[in-house]
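First up is the structure itself, then whatever we jot down about it.
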Amino acid sequence: MGAVTHSETVETDVGQARITWAEAAAPWAVLAVSHGAGGGIGARDLQGLAAALPARGVSVALVEQPWRVAGKKVAPAPKTLDAGWRGLWPALLRPGLPVVAGGRSAGARVACRTAAELGAHAVLALSFPLHPPGRPEKSRADELLGAGVPTLVVQGGNDPFGKPEEFPDGAYDLVEVPYGDHGFAVPKKAGTTPEQVVETITDAVGNWIDGLRE
């Protein structure tokens, strides 16, 4: 991640969070992205964004929630995740730079739930968990539709937490990663390498963020 300049810890009401920055030389925006309930900021898509977007003038903040920093293996309740995100939000602010709130899976839900309250410019939802696997009746569509700001969903075509065709109509954009699962892994029949998948994601996100410029 050649653009990473530093990491910092941030005190929140639910423990210490950590932000690892990949800063643009002349940024016009900040993209803050957090991990899901089962992984950290080492996820390929998050690392890919941190590597690619600074060259497009977007500083990327990879956010580790307090439970991950503390070494716990199980994510806490949604309200605790939201509290951690709220607590670290001020550390993401830079004078004059809009902040795009984002995350993958559980992190995407947090970004959607808190976007309007925190003044996020937009939301990036990677692998939004529309429902638990095999439980489409347990829809979380209200979180996505209630974000209240421009939103991009990047979803694997074979994500058990919600395939693209399961998503409701709404005021958001959706990019499909063909054959991708919840972690954007694809089978051999897809004919694409993991590197090509990451490039598809980073190009889509970069182009979408470019479109947010006023």
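Selection within region 84-95: residues that are open to solvent by 10 Å² or more (accessible area, probe 1.4 Å) and at pLDDT 95 or above. The member of this set that is nearest to Glu11 (Cα to Cα) is Gly87. Within region 14-33, being over 12 Å from Val60 (Cβ atoms), surrounded by 17 or more Cβ atoms within 10 Å (Cβ to Cβ) and touching a strand residue (DSSP E or B) at 6+ places or on another chain (Cβ under 9 Å) holds for Ala17, Arg18, Trp28. Considering region 147-174, the residues that are open to solvent by 50 Å² or more (accessible area, probe 1.4 Å) and among the small types (Gly, Ala, Ser) include one that is nearest to the chain's Cα centre (by Cα), namely Gly148. Yes or no: Leu46 assigned to a helix (DSSP H, G or I) and either surrounded by 22 or more Cβ atoms within 10 Å (Cβ to Cβ) or in contact with a His (Cβ under 8 Å, 6 or more places away or on another chain) (or both)? The answer is yes for Leu46. Considering (1) open to solvent by 10 Å² or more (accessible area, probe 1.4 Å); (2) part of a strand (DSSP E or B); (3) in contact (Cβ under 8 Å) with a residue 24 or more places away in the chain; (4) not small (Gly, Ala, Ser), the lone condition that Arg113 does not fulfil carries the number (2).
Among the residues of region 175-206, how many are under 13 Å from Val154 (Cα atoms) and open to solvent by 60 Å² or more (accessible area, probe 1.4 Å)? So the count comes out to 6.
The values are calculated or read from the model by the stated rules, or taken from the named source; none is laboratory data. Computed from a prediction, not measured in an experiment: that's the story for all the values here. Ideal geometry is used to build each Cβ from the backbone, glycine not excepted, and the neighbour counts take in all protein chains shown. Side chains included, ligands, DNA and RNA excluded: accessible areas come from the protein's heavy atoms. Shrake-Rupley method; radii C 1.70, N 1.55, O 1.52, S 1.80 Å.
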